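Working notes for the structure below.
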Amino acid sequence: MTAPSPAPKLPVSLAANPRLSSWVGFTGEGRVTISPGKVEIGQGIVTALAQIAADELDVDIGRIEMIRASTAASPNEGVTSGSLSIQQSGRALRHACAEVRQRFLSAASERLGVDASLLAIEDGTISGPGNVRTSYWELAGDVSLDHDAAAGVVAKRAAERSVAGHSVQRVDIPDKVFARPRFIHDRALPNLVHGRVLRPDVSGARLTALDETAARAVSGLVAIVRDGGFAGVVADSEAAAETALKALHKGATWSVGEPLPDEDDLAGFLKSQPVETTVIDTRTAAATKKAAQTLRRQYIRPYIAHASIAPSCAMARWDGDRVHVWTHSQGVYLLRADLAIVLKLPPESIVVEHMEGAGCYGHNAADDVALDAVLLAKAAGGRPVRVQWSRHDEMSHAPFGAAMAIEIETDLDADSEIIGWRHAIWSNGHAARPGRAPQPALLAASEIANPFPRMISSNPPAANGGGGDRNSVPLYDLPAWTITSHRLLTMPVRTSALRTLGAQGNVFAIESLLDEIAALRGEDPIEFRLRHLRDERAGDVIRAAARRAQWKPQKQAGTGYGVAFACYKNMGAYCAAIAEIEGADDIRVKRLTLAVDVGEAINPDGVINQIEGGAIQATSWVLKERVRFDRTRITSTSWTDYPILTFSEVPAVDVEIIQRPEIEPVGAGEAAHGPVTAAIANAVYDCLGVRVRDLPITRDRIIAAMELAS
Amino acid sequence: MPTIQFQLNGVATAVDADPDQTLLDVLRGRLGVTGAHFGCGAGECGACRVMVDGHAMTSCDMPMWSVADKDVVTVEGLGTAKQPHPLQRAFITEQAMQCGYCVPGILISAAALLKRNPSPTEAEVRAALDRNLCRCGSHNRMVRAVLRAASEMATS
């Protein structure tokens, strides 16, 4: 008996938002509106989604207007994160547009009296034999899209697509080059006033008393807002708001706060806290061999700041008991859910509308500042209030990427082949995003008069790629392993999602140790990896990167080469990286060569841009970045104290894409960080003969590693 | 408040302003010229750079008194979609950004560089942009775009 073939299923985002008209519309003279639930964060998503729609509908991409996500009308696609936008929004749009096309072809067939199979669509004009023609726009009155999408609609085959799969110029770039207001920071609303919020310097301190006298005297002041430990000012200009805030600071009294860990003993701190322990995966060997030796290695990743180039910003305007919020949050519906909890309002009373901000690379203060604006706007008499955080607050009060201590023990046989592998992670959770719990995740919610407890970050489930455990299960074919995650139940340093979650740390650890074992065996690190990988796509990216970098170049004094590989979340993009470094007093990364497989690359240049950006950001993390603190406060609150890679320090980056048009596309934004991190560390070993296992790889860390080794 | 006069993108401009108020505040808050961006308020990131008498300067820490009678050019003054500056054209051709928030300041630093050095080397471009931060990692595309604009300007 043969099993029945499974019923065709809708893409997840379309199943959750099946109404076709919520995704696609035809307006005015020859315009197409496309409304995704995902948002532009500088990754080029709106362009890639426009390409997909243009292809399925057979319209010129210039006709497409991409609508910004808003809870007023957009499909609810959760959060724009995890390199899932192409996967979720892209598939939904491809399917929805394919069905819209079919519906219009049927209507055209009826109107023109021509069989639908004989009709063709070119730039929205539908024509058939005998020179008959109509168009989407002529038929728009007859074709209702207020229908739920049907499963089983077949989109174009890869070979039939002419826009997706090709590099097109991003639709948002001209505005940004010609300074046409596109960022939330640049939008002027009528009667706009400006807010600033008072935040403590000391970590975890609560406002206990406030002398408002000096602030009240500031010219241009509209209101001072106080709600328990939350306080802020509203003024008629940014300058006046800043002046009033300074005055408020002088009048503030704070509680003592909560102590911070020792920044120079992160492992000691992480391993001494109460934890929730989860066994992520185990694999048992068929036959147990005896270990000739066991290596135990510990890898540390520090807290890393999102350090968006723009401070977070939001606007809010009350109208009776309804509020409209403008935000660069990655999830408008999720933010609305948290606002509803804090404000004790039904979600329908709140509209949350997206506007672009600067790149955020995860959960920064975008959502926090939205609640700040909502709370301050209550005192603005119906005028919209714009709140912008200071650089200082952005670098100290926004969540950070969680610090990690990763310990791997590996049993080797007499030939130094791996026979056992135990990987353990100690880390705070990597996600405390809004909208996912009965309690809000927003900063001010823990400051107001009846405060909500500060949310302790958790980890997404393994099916979604996990959090601290992301990429901790080796893709390599090792005979046995145990992977364990210890999630901290305390959170003195606030953490939430930063690009790759735990993957950067785990890939760094795994790929560093594999490199060490290959060296121990005297085996080429690429050969060693290929020998342990069964997945062809994995092998292909490694071989492509090796070819492109002419692995392994002749070694010269003062230079080093390192390789690393990962498949993001073990189910996303494949990426291999080869680093060429120069090591003298400091490490300089000279060149990164990467090969990537994202399945169908919708906009190949967009993918390359994402990989280049990821590779450069990862280089910055590896060489420079570490959130600094003493026992009472975050101290890396400026670009001087939290330096990032500069133009002169940026390596050359060379990217090869393995295009696979027949394979469903996945995102590229987080594929490079892990491999680049480990490739640099392995190149440092190749150059200097020392394994640095404590990030960032600075001169001090290299000296410390040398001392440890000798 | 005293009246401070200066040239803004080629237009004679006068504002009544506190002499200690920053140029960025006046541009964005008073004049509605939002091309220059606030990033840090301490002259460290370069998102707010404008040209003052041909030099790329941070406007977030530049008091208005120092701008009197000067020639100020913001990204709006470089060019428009109809008449783009070669740098703006090159940034589009090279798709030289991700989020683009830092781009106005980088265009200004690059324009000031090309004024004093019309055919810079790659290293000179990088050095000229070293005090502009980009968090997305679009540096190499931007450098390519500046070199492209330079060679275009040399042949036109």
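Looking only at residues in the stretch A:153-167 that are in a loop (DSSP other than H, G, I, E, B) and farther than 23 Å from A:GLU40 by Cβ, which one is nearest to the other protein chains (Cβ to nearest Cβ)?
Step one: of the stretch A:153-167, the residues in a loop (DSSP other than H, G, I, E, B) are A:153-157, A:161-167.
Next, only the ones that are farther than 23 Å from A:GLU40 by Cβ stay: A:153-157, A:162.
Values: A:VAL153: 33, A:VAL154: 32, A:ALA155: 27, A:LYS156: 26, A:ARG157: 28, A:SER162: 20 Å.
Ranking the qualifying residues of the stretch A:153-167, first place goes to A:SER162.
For the stretch A:197-215, what are the residues that are in contact (Cβ under 8 Å) with a residue 60 or more places away in the chain and hydroxyl-bearing (Ser, Thr, Tyr)?
First, pick out the residues of the stretch A:197-215 that are in contact (Cβ under 8 Å) with a residue 60 or more places away in the chain: A:197, A:199, A:201-204, A:206-207.
Selection gives A:SER203 alone.
List the pairs whose first member sits in the stretch A:168-196 and is within 8 Å of chain B (Cβ to nearest Cβ), whose second member is among the hydroxyl-bearing types (Ser, Thr, Tyr) and surrounded by fewer than 20 Cβ atoms within 10 Å (Cβ to Cβ), and whose Cβ atoms are under 9 Å apart, counting only residues at least 6 apart or on separate chains?
A:GLN169/B:THR93; A:PHE178/B:THR80
Please determine whether any residue of the stretch A:502-518 is modelled with pLDDT of 95 or more and part of a loop (DSSP other than H, G, I, E, B).
Quick first cut of the stretch A:502-518, residues modelled with pLDDT of 95 or more only: A:502-518.
With part of a loop (DSSP other than H, G, I, E, B) added as a condition, the list becomes A:502.
For the stretch A:502-518, residues modelled with pLDDT of 95 or more and part of a loop (DSSP other than H, G, I, E, B): present.
Among residues belonging to the stretch B:1-47 that are touching a Cys at 6+ places or on another chain (Cβ under 8 Å) and small (Gly, Ala, Ser), point out the one that is surrounded by the fewest Cβ atoms within 10 Å (Cβ to Cβ).
Looking at residues that are touching a Cys at 6+ places or on another chain (Cβ under 8 Å) and small (Gly, Ala, Ser), I get B:ALA42.
Would you check if A:THR559 is in contact with an Asp or Glu (Cβ under 6 Å, 6 or more places away or on another chain) and touching a residue at least 24 places away in the same chain (Cβ under 8 Å)? Give the steps one after another, and end with the answer.
Working: in contact with an Asp or Glu (Cβ under 6 Å, 6 or more places away or on another chain): yes; touching a residue at least 24 places away in the same chain (Cβ under 8 Å): yes.
Yes, satisfied.
Okay, residues lined up against (1) modelled with pLDDT under 95; (2) outside the structural domain of B:GLY10 (by TED's automatic domain parsing); (3) under 12 Å from the mean Cα position of the chain (by Cα):
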site	(1), (2), (3)
B:VAL52	no, no, yes
B:ALA56	no, no, yes
B:ASP61	no, no, no
B:ALA90	no, yes, no
B:GLU122	no, yes, no
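Six or more apart or on different chains, Cβ under 7 Å: which pairs go from a residue in the stretch B:126-140 that's in contact (Cβ under 8 Å) with a residue 12 or more places away in the chain and farther than 12 Å from A:GLN610 by Cα to one that's surrounded by fewer than 20 Cβ atoms within 10 Å (Cβ to Cβ) and among the polar types (S, T, N, Q)? Could you list them?
The qualifying pairs are B:ARG126/A:SER648.
Scan the stretch B:133-156 residue by residue and report those that are part of a loop (DSSP other than H, G, I, E, B) and either out of contact with any Phe, Trp or Tyr (no Cβ under 7 Å at 6 or more places or on another chain) or more than 8 Å from chain A (Cβ to nearest Cβ) (or both). Please lay out each step first, then the result.
Taking the stretch B:133-156 first, the residues part of a loop (DSSP other than H, G, I, E, B) are B:133-138, B:156.
The answer is B:CYS134, B:ARG135, B:CYS136, B:GLY137, B:SER138, B:SER156.
If I go through the stretch A:108-148 residue by residue, how many of them are among the hydroxyl-bearing types (Ser, Thr, Tyr), buried (at least 17 other Cβ atoms within 10 Å of the Cβ) and farther than 20 Å from A:THR27 by Cβ?
Matching residues across the stretch A:108-148 total 2.
Mind counting the residues in the stretch A:489-505 that are touching an Asp or Glu at 6+ places or on another chain (Cβ under 8 Å) and crowded, with 20+ Cβ neighbours inside 10 Å?
Initially, the stretch A:489-505 is screened for residues touching an Asp or Glu at 6+ places or on another chain (Cβ under 8 Å), giving A:489, A:492, A:499-500, A:502-503.
This time we only want the ones that are crowded, with 20+ Cβ neighbours inside 10 Å, so: A:499-500, A:502-503.
Here the count works out to 4.
How do the strands (runs of 3 or more DSSP E) wholly within the stretch A:224-300 filter down when requiring 2 or more residues that are surrounded by fewer than 14 Cβ atoms within 10 Å (Cβ to Cβ): which remain?
Ranges flagged: A:275-283.
Going by what's in this entry, would A:GLY606 be described as among the small types (Gly, Ala, Ser) and free of Cβ contacts under 8 Å to residues at least 60 places away in the same chain?
Working: among the small types (Gly, Ala, Ser): yes; free of Cβ contacts under 8 Å to residues at least 60 places away in the same chain: no.
The answer is no for A:GLY606.
Return yes when A:LEU105 is without any contact (Cβ under 8 Å) to a residue 40 or more places away in the chain, closer than 26 Å to A:PRO661 by Cβ and outside the structural domain of A:GLN504 (by TED's automatic domain parsing) and no when it is not.
Values: without any contact (Cβ under 8 Å) to a residue 40 or more places away in the chain: yes; closer than 26 Å to A:PRO661 by Cβ: yes; outside the structural domain of A:GLN504 (by TED's automatic domain parsing): yes.
When the stated conditions are applied, A:LEU105 passes them.
Only one of A:ASP630, A:ASP597, A:ASP605 is more than 10 Å from chain B (Cβ to nearest Cβ), surrounded by fewer than 21 Cβ atoms within 10 Å (Cβ to Cβ) and charged (D, E, K, R). Can you tell me which?
Numbers: A:ASP597 fails: surrounded by fewer than 21 Cβ atoms within 10 Å (Cβ to Cβ); A:ASP605 fails: more than 10 Å from chain B (Cβ to nearest Cβ).
Going through A:ASP630, A:ASP597, A:ASP605 in turn, just one is more than 10 Å from chain B (Cβ to nearest Cβ), surrounded by fewer than 21 Cβ atoms within 10 Å (Cβ to Cβ) and charged (D, E, K, R): A:ASP630.
Is there a residue in the stretch A:609-621 that is surrounded by fewer than 20 Cβ atoms within 10 Å (Cβ to Cβ) and either within 12 Å of chain B (Cβ to nearest Cβ) or touching a residue at least 40 places away in the same chain (Cβ under 8 Å) (or both)?
To start, the set of residues in the stretch A:609-621 that are surrounded by fewer than 20 Cβ atoms within 10 Å (Cβ to Cβ) comprises none.
No, because not a single residue in the stretch A:609-621 is surrounded by fewer than 20 Cβ atoms within 10 Å (Cβ to Cβ) and either within 12 Å of chain B (Cβ to nearest Cβ) or touching a residue at least 40 places away in the same chain (Cβ under 8 Å) (or both).
When you check A:ILE658 against the structure, is it buried (at least 23 other Cβ atoms within 10 Å of the Cβ), touching a helix residue (DSSP H, G or I) at 6+ places or on another chain (Cβ under 8 Å) and touching a residue at least 60 places away in the same chain (Cβ under 8 Å), yes or no?
no
Consider B:ASN140 carefully, then state whether it is crowded, with 19+ Cβ neighbours inside 10 Å and under 12 Å from the mean Cα position of the chain (by Cα). Give the steps one after another, and end with the answer.
Details: crowded, with 19+ Cβ neighbours inside 10 Å: yes; under 12 Å from the mean Cα position of the chain (by Cα): no.
Taking the combined requirement at face value, the residue does not satisfy it.
Check A:ASP146, A:ASP175, A:ASP142 and return the single one that is assigned to a helix (DSSP H, G or I) and of a type outside the set (S, T, N, Q).
Working: A:ASP146 fails: assigned to a helix (DSSP H, G or I); A:ASP142 fails: assigned to a helix (DSSP H, G or I).
Going through A:ASP146, A:ASP175, A:ASP142 in turn, just one is assigned to a helix (DSSP H, G or I) and of a type outside the set (S, T, N, Q): A:ASP175.
From the list B:ALA81, B:ALA111, which one is surrounded by fewer than 22 Cβ atoms within 10 Å (Cβ to Cβ) and more than 22 Å from A:GLY614 (Cα to Cα)? Give the derivation first.
On the way: B:ALA111 fails: surrounded by fewer than 22 Cβ atoms within 10 Å (Cβ to Cβ).
Answer to the selection: B:ALA81.
Have a look at A:ASN471, A:ASN459, A:ASN364 and point out the one that is on the phi > 0 side of the Ramachandran plot and touching a strand residue (DSSP E or B) at 6+ places or on another chain (Cβ under 9 Å). Let's see the steps before the verdict.
Values: A:ASN459 fails: on the phi > 0 side of the Ramachandran plot; A:ASN364 fails: on the phi > 0 side of the Ramachandran plot.
Step by step, each of A:ASN471, A:ASN459, A:ASN364 is checked, and only A:ASN471 is on the phi > 0 side of the Ramachandran plot and touching a strand residue (DSSP E or B) at 6+ places or on another chain (Cβ under 9 Å).
Among what's in the stretch A:633-644 and is free of Cβ contacts under 8 Å to residues at least 24 places away in the same chain and among the polar types (S, T, N, Q), pick the residue that is farthest from the other protein chains (Cβ to nearest Cβ).
Top of the filtered list is A:THR635.
Any residue at all in the stretch A:662-684 that's free of Cβ contacts under 8 Å to residues at least 60 places away in the same chain, within 12 Å of another protein chain (Cβ to nearest Cβ) and surrounded by 24 or more Cβ atoms within 10 Å (Cβ to Cβ)? Break it down stepwise before answering.
Residues of the stretch A:662-684 free of Cβ contacts under 8 Å to residues at least 60 places away in the same chain: none.
No: the stretch A:662-684 contains no residue that is free of Cβ contacts under 8 Å to residues at least 60 places away in the same chain, within 12 Å of another protein chain (Cβ to nearest Cβ) and surrounded by 24 or more Cβ atoms within 10 Å (Cβ to Cβ).
The values are calculated or read from the model by the stated rules, or taken from the named source; none is laboratory data. Quick caveat: nothing in here was measured; it's all calculated off a predicted structure. Virtual Cβ from ideal backbone geometry, glycine too; neighbours counted across all protein chains shown.
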